[in-house]
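Asker: Shown below is the structure under consideration.
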Amino acid sequence: MTPGPRIPWRKSLLVRLLLTSVAIAVVSVGATAWLAVQTTTRAIQEERGQVLSDDTDILRRLSGFAAAHPDWEGVHSSVRDLSRTTGRRIALTTEAGRIIADSAAPGTALPARASATVDPLNTDTSTEPGAQLAGIDPRAVGPYRLPAAERARVKALAEKRLACVRKHLGDGRVRQLPSGRTVVIADGGEAAVPSPCADGALNTPTRTEQKALDELLALTAPCLGPDGRKGQAANPLAGIGVDVIPGLTAAAQDTGRPLGGGRQTQDCFDDARRSQLDPYVAPRARLYLGALGQQPVGFDLSPANKAKIVGVAGLVLVVTVAMTTVVAIRLVRPLRALTAAAQQPPQRHTRVAVTTKDETGYLAAAFNDLTARRQQLETQRKAMVSDIAHELRTPLTNIRGWLEVTRDGLVEPDPDLIASLHDEALLLQHIIDDLQDLAAADAGTLALHREPVRADDLVAQTVSAHRTRAESSDIHLCTHTDPGLVLDADPVRMRQVLGNLTSNALRHTPAGGTVTLTARHVGDLAVLTVEDTGSGIAADDLPHVFERFWRAEKSRSRRTGGSGLGLSIVRQFVEAHEGAVTVGSEPGKGCVFTIRLPRAQHTDRRTP
């Protein structure tokens, strides 16, 4: 046996399955890793956002403590409470590095660098709503803090102002500043105070505030130079009011006005305020923030973590490839068996074992069926060759024998001998013509000249051709046709079909019997039947009726005139017309051959 062609590795099913599994594994591992990274990153971002919010709150609260106390004494309890609430380590040190307060155990090393500086006089304006533009914490009030009596008097003025605001605007509220001063907030904002209510009494500095303002003016004067000590006309701070009180914006006033003198004056004023408030606030301190237990915040992709990820991905890849290899081998093994069986010579084709019930198993079963059909066809081919030789040998033997005895002078060539030899020659020609028709039908070269054919004409021509034989055999020929029934067929071939069926029926119908030809329409089909009252066909023989050279009994031997090809020709011609032919029979009651053909869509002018 010649070995089959070697399959290139790139086209091998096993290699393609392996490559597919590797690609799937790589994509799945990559997608999983990407998803894990994205999820972890999002979680880290959210955690860092929460940490940033907590850090901001810690800085705000410690800055408030520093703004309200002249030193850091007592801050330990606040630090511990904040650490317990936020889950962060909090440490405060002086600028020189001395520990002021630490939520961690003594001796615990500080983080590498400070997170922020706590200085209420130079703070981030985002740490406290309403922080001054100068960066001074509005909770640092110092000498502006009102005693109880002044607070009560200012509050009474504020209540009076609120009643007026509600009378004109419909609503409003009061708010107390860190210094103890009460201000009125109208419904439309601090600036929306109606004119009848702006009497100036509420915004007039109290004695404590005036004293602090005078001190602030004295501190500002040296920075402003000679113009700052000249009088009110030249002094940009002349007429200063409560608009500079910590926590009170200029929009809340009805008597104050912004400072003049430009940026230099504003810088001098801010420096003076820091100098004035400095004795009342805690000194600058460094704030250290970290995780409790010194654990790093967030996700640390260390070399060990990287090694774990690579190891898990590699394990997934190896397992995927191993499983795919096992499955691929199981898939390829029956295919290789099929290939080996198909490469055997035709005479050595064998069945293959069907080991699975999947597509490969179905393929193996189909191969076995194909092998069985091929063997059957081979058997039929051999039988057909034998039958053809037998059918041709008989008339040729008769012709040769009579010619030899005539040549030897044993028989005179009388008209009867010539007629017998002529009949044998006609039979031989008939067999050859039938074989040619079958060969053309098998090869698909059978020429059909289709046209509209009237069924009643077709039946009438068939009956006319066989009437003499029927009368000589004392057999009745009957017809029944639907009027106007037209076939789309080759008239010559269809006459041959009906002729073969009628001849076969007459041959096997005894004297006194009946052969009936009918033509009727059923939907889009034309149904032709040839029914006889002959001996019939056994049920076991019906599947073989249309096989070539098949005969059910001796009565259907060649001596009755049949070649064994007539019914095979009927089936081939009917199928060439896209039709079908069937047979039904009961032994002793005759046979019914039924032909179903498509009807003609259009009739010619001769059709009534």
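Asker: What FRET efficiency comes out for the pair Gln436/Ala353, r = Cβ-Cβ distance, R0 = 45 Å, nearest 0.05?
Answerer: Given R0 = 45 Å and the Cβ-Cβ separation, E is 0.55.
Asker: How far is it, in nm, from the label point at Glu578 to the one at Asp416 when both lie 7 Å from their Cα along the line to the Cβ?
Answerer: In this crude spin-label approximation the distance works out to 5.5 nm.
Asker: Set the Förster radius R0 to 41 Å, insert the Cβ-Cβ distance between Arg381 and Leu19 as r into 1/(1 + (r/R0)^6), and round the FRET efficiency to 0.05.
Answerer: My answer for the efficiency is 0.35.
Asker: If Tyr144, Tyr362, Tyr280, Tyr288 are ordered by their accessible area, calculated over protein heavy atoms with a 1.4 Å probe, which sequence runs from highest to lowest?
Answerer: Putting Tyr144, Tyr362, Tyr280, Tyr288 in descending order of accessible area: Tyr362, Tyr280, Tyr288, Tyr144.
Asker: How much length, in nm to one decimal, is gained on full extension between Arg374 and Glu451, taken as 0.36 nm per residue of separation minus their Cα-Cα distance?
Answerer: Values: separation 77, 0.36 × 77 = 27.72 nm, distance 3.77 nm.
Separation in residues times 0.36 nm, less the Cα-Cα distance, equals 23.9 nm.
Asker: Pull out the extension gain between Val321 and Arg469, defined as 0.36 nm times the separation in residues minus the alpha carbon to alpha carbon distance; nm, one decimal.
Answerer: Taking Val321 through Arg469 to full extension adds about 45.3 nm, to one decimal.
Asker: I need the calculated FRET efficiency for the pair Ala365 and Gln344, taking r as the beta carbon distance and R₀ as 22 Å, to the nearest 0.05.
Answerer: With a Förster radius of 22 Å, E is 0.75.
Asker: Sticking with the crude label model, points 7 Å out along Cα→Cβ, report the distance from Gln264 to Ala96 in nm, one decimal please.
Answerer: Those two pseudo-labels are separated by 3.8 nm.
Asker: Largest first, please: the extent of the C-alpha atoms of region 52-123 along each principal axis, to the nearest Å.
Answerer: 30, 28, 22
Asker: Need one number: nm distance between label points at Val522 and Arg173, each 7 Å from Cα along Cα→Cβ, rounded to one decimal.
Answerer: Going by the 7 Å Cα→Cβ label model, 9.4 nm.
The values are calculated or read from the model by the stated rules, or taken from the named source; none is laboratory data. From a predicted model like this one, the values you see are computed outputs, not experimental measurements. Neighbour counts run over all protein chains shown; Cβ positions are idealised from the backbone, glycine included. Side chains included, ligands, DNA and RNA excluded: accessible areas come from the protein's heavy atoms. Shrake-Rupley method; radii C 1.70, N 1.55, O 1.52, S 1.80 Å.
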